[in-house]
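A.B. asks: Structure in structure tokens, see below.
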Amino acid sequence: MVDKKVLHKRILWTLLLVTVYIFGQFIIIPFVKQSTAAGYLKANTLIGILGMYTGSQTSRPSLLMLGIGPYMTTNIMVQAVSSLDLKRLRQISQHTWGIITNFISLIVAILQAFLYVNNFKKALLPVYVARHNISFNLAIIILVTGGMISVYLANVISERGIGNSAILMVPQLVLSLPSLLIRGWGTSHFNFSVINIIIVILTTLVVVFYGLALIRAEERVPYREPQLMSEFAKSYFPIKLLTAGAMPFMFSTSLFMLLPMLVKNSPLKIREFVFNIVSINKPIGIVFYAIVIILLNFVFGLITLQPSVKARNFKENGSYFYKVVPGIQTEKFIMHKFTRLTWASSFILICLSIWPLLLGLWLPQMANLTPFIGNLFILIMILDMIEQEFQTLNSEKKYVIDLK
């Protein structure tokens, strides 16, 4: 039986945890010159992008500055490894997986904290212990502690709240939309003329409409279960049109910001090559962006769907698709469906995101609409997930009331 108050409890837990999360981002590190650090952080575009996509506030050093970055990164890594469907991994208990996940989160938090603190290290005030200045190490410890607090909040909200950890990203995603539109890729500023405002409004409406359609679209493939012999009890295996979710948008922007930083000390020819392919104001950069979107859509789609795992589950349960042999043939069947749907969703994603870049070849400021669209799409997906979960819990509550 579902408790009548379960929906209200989940909403209250969500509001409480989101409030704690936001409040933690205002607890500043005391031995840091905030104005100086803010200047360094603002100048680092990569940190700004990471903060935007991990629900953290990166304009000032604070306790929860890392956001849910360690949690998100760890979950992606664990999901990627589990998609390999290795027998030894399947034998690991849930408790052990929990320990492994927390340990990986700790490592990721340390690496991310080092990146952040190293960026604003010149703004650190000295803190002496036994005549040794420990301000750099102490700042890393504080950020790592905050990162693990964020991991804990994400786990609790997944268990007791609505929308799981993704809801912690919503405040920062909303706040970042105007600044992202203005600064974009960092190459031009968006001018809010009447015509441009109308373009933004129309773009938002189109992304919301087609984004929701893309997110919710799926193909339901009928299959047989040996336990269900009735013709009225049909089962369907759903395959999302956009299996990868918002990951292509999230990681494509980060990749375009990260690559130039990784090669800044490389030989001239390498730097020139990388700078050319990530230049969104050049045709080659636009083509490369489209390729990245497609690759990320396939990679994260496979990680999410896990065809080999699904095929094995079918075989173990005795289920099968019509005229498809269990095992390898089932995996190939799922892969065929996935590939066809992913090519279709890739085409739609490219249509949604590439046109501002093409227009930006003549009007550079229009290229800022592409990261704006990506952020908006991520926000729409999270809100739709929250709404779907809300409807599910609400329907369960009504079902119990009707039974009584």
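A.B. asks: Can you list the chymotrypsin sites (Phe, Trp or Tyr not before Pro) in segment 294-329 that are in a DSSP coil and have 10 or fewer other beta carbons within 10 angstrom?
C.D. replies: Here the chymotrypsin sites (Phe, Trp or Tyr not before Pro) that fit, given the DSSP loop and packing criteria, are 322.
A.B. asks: Let me ask something additional. What is the log10 of I(q)/I(0) for the chain, computed with the Debye formula using one identical point scatterer on each Cα and no solvent, at q = 0.14 Å⁻¹?
C.D. replies: The Debye formula, applied to the Cα set alone, gives -1.44.
A.B. asks: Averaged per residue, what accessible area in Å² does the chain show with a 1.4 Å probe, protein chains only?
C.D. replies: For the chain, the per-residue accessible area is 53 Å².
A.B. asks: If you don't mind, there's one more thing I want to ask. Do any of 9/33; 122/282; 42/282; 282/337; 9/315 go past 32 Å between their Cα atoms, and which?
C.D. replies: Check vs 32 Å cut-off fails for 9/33; 122/282; 282/337; 9/315.
A.B. asks: Starting from the amide H of residue 221, placed 1.01 Å from N in the peptide plane, find each other amide H under 5 Å away whose residue is 5 or more places distant or on another chain.
C.D. replies: Amide H neighbours of residue 221, under 5 Å, 5+ apart: 237, 239.
A.B. asks: When the chain is fully extended, how far beyond the present Cα-Cα distance does residue 220 get from residue 179, taking 0.36 nm per residue of separation? If you can, show how the numbers build up before the last one.
C.D. replies: Details: separation 41, 0.36 × 41 = 14.76 nm, distance 4.00 nm.
Extra length from residue 220 to residue 179 when fully extended: 10.8 nm.
A.B. asks: Right, next: Would you kindly derive the ³J(HN,Hα) couplings of segment 55-68 from the backbone phi angles with the Karplus curve 6.51 cos²θ - 1.76 cosθ + 1.60 (θ = phi - 60°), listing them in order in whole Hz, with x for Gly and Pro?
C.D. replies: So the J values, rounded to whole Hz, are x, 10, 9, 9, 7, 8, x, 9, 4, 9, 5, 6, x, 9.
A.B. asks: Now for a separate question. Roughly how many nanometres apart are two label points built 7 Å out from the Cα toward the Cβ at residue 202 and residue 28?
C.D. replies: 4.4 nm
A.B. asks: I've got another one for you. If you line up the long axis of helix 6-24 against the longest principal axis of the chain, both from Cα atoms, how many degrees apart are they, to the nearest 10?
C.D. replies: On a 0 to 90 degree scale, this one is about 20.
A.B. asks: Let me ask you something else. Taking all protein chains together and a probe of 1.4 Å, list 355, 185 from the most accessible to the least accessible.
C.D. replies: Reading off the accessible areas and sorting them downward yields 355, 185.
A.B. asks: Please report the spacing between the Cα centers of segment 11-38 and segment 176-213 in Å, no decimals.
C.D. replies: Using only Cα atoms to place each centre, the spacing works out to 28 Å.
A.B. asks: Could you check how much of the accessible area of the chain is carbon and sulfur, as a whole percent, using a 1.4 Å probe?
C.D. replies: 68 percent
A.B. asks: Using the beta-carbon distance between residue 263 and residue 84 and R0 = 45 Å, what value does 1/(1 + (r/R0)^6) give for FRET efficiency, to the nearest 0.05?
C.D. replies: The calculated FRET efficiency here is 0.90.
A.B. asks: Test of understanding: what is the full-extension gain from residue 273 to residue 160, defined as 0.36 nm times their sequence separation minus their Cα-Cα distance?
C.D. replies: So the extension gain works out to 35.8 nm.
A.B. asks: Give the Rg (one decimal place) followed by the Dmax (whole number) of segment 38-99, computed from C-alpha coordinates and expressed in Å.
C.D. replies: In order Rg, Dmax, the Cα atoms of segment 38-99 give 16.4, 50 Å.
The values are calculated or read from the model by the stated rules, or taken from the named source; none is laboratory data. Just so you know, these numbers come straight off a predicted model, no measurement behind them. Heads up, the Cβs are rebuilt from the backbone with ideal geometry, glycines too, and the neighbour counts pull from every protein chain shown. Only protein heavy atoms, including side chains, enter the accessible area calculation; ligands, DNA and RNA are left aside. Shrake-Rupley method; radii C 1.70, N 1.55, O 1.52, S 1.80 Å.
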